[in-house]
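Below is one structure, written out as structure tokens; the observations come after it.
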Amino acid sequence: MKSRKGIYGQDECVATITNTGLKRIKRYQLDVWFPEAFLTPNGRFSWEVSEGSTPTHRLLRVMETTHKKVLYPGDSEGMVVQFLLDAEALDQKIKAIAYSGDSPPLVMERSMVELQGRELTGGQ
């Protein structure tokens, strides 16, 4: 996962799954739980899974059936999530789980501060 500025200046989170192996991957899934506090209140994503969302996080999912795409060695697939910064919620975490074939899932968790490459500062 990484953060970048979009073409209109809005912050974006880019989450991808990449085939780093030597064989093609026919089955894969990327689940991302994104903090609700940073998303547009009425915004919806075509890859949102409402059944897996919580009051604080939305579940976003990309899988081989979403794009009807096999991942060949070096190929990537993923999602771009536009978000709004909320200074009071920067400690909230994004969690991503990548599933690939029969391999064990790869789990990554970062706070919004880590995603932005910033430090939390506390007042005294």
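Data overview
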quantity: Contour minus Cα-Cα distance for N42 and V113 (0.36 nm per residue); calculated: 23.2 nm
quantity: Built amide H within the under 5 Å cut-off of Y28, gap 5+; calculated: E64, G101
quantity: Space enclosed by the convex hull of the alpha-carbon atoms of the range 2-116, per residue, Å³; calculated: 115
quantity: Charge dipole (the range 2-116, unit charges on Cβ, about Cα centre) - positive-most of Q92, T18, V32; calculated: T18
quantity: Under 15 Å, Cβ to Cβ, from E36 - net charge with Lys/Arg +1 and Asp/Glu -1; calculated: 0
quantity: Max mean-square fluctuation residue, GNM over the chain, Cα-Cα springs under 10 Å, options P105, P73, P55; calculated: P55
quantity: Trypsin sites (Lys or Arg not before Pro) lying in DSSP loop within the range 33-87, provided at most 10 other Cβ fall within 10 Å; calculated: R44, K68
quantity: Most fluctuating residue given options A37, A87, A96, as computed from a GNM of the chain linking Cα atoms under 10 Å; calculated: A87
quantity: Theoretical ellipticity at 222 nm over the chain - DSSP helices of four or more residues, -39500 (n - 2.57) apiece, nearest 500; calculated: -1000 deg cm²/dmol
quantity: Whole-Hz couplings from phi, Karplus 6.51/-1.76/1.60, listed for the range 31-45; x for Gly and Pro; calculated: 9, 10, 9, 9, x, 4, 4, 9, 9, 4, x, 9, x, 10, 10
quantity: E36, E109, E88 arranged by Cβ crowding within 10 Å, fewest neighbours leading; calculated: E88, E109, E36
quantity: Student exercise, the chain dipole from Lys, Arg, Asp, Glu Cβ charges, in Debye to nearest 20; calculated: 560
quantity: Theoretical gain in end-to-end length, R24 to E64 [0.36 nm per residue, Cα-Cα removed]; calculated: 13.2 nm
quantity: Label-to-label distance, nm, for residues given as I97 and V14 (7 Å Cα→Cβ offset); calculated: 2.6
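Here, each number is a calculation from the coordinates, and none is a lab measurement. In this text, all values refer to a predicted model and were calculated from it rather than measured experimentally. Don't worry about glycine lacking a Cβ; one is built from the backbone with ideal geometry, like all the others, and counts go over all protein chains shown.
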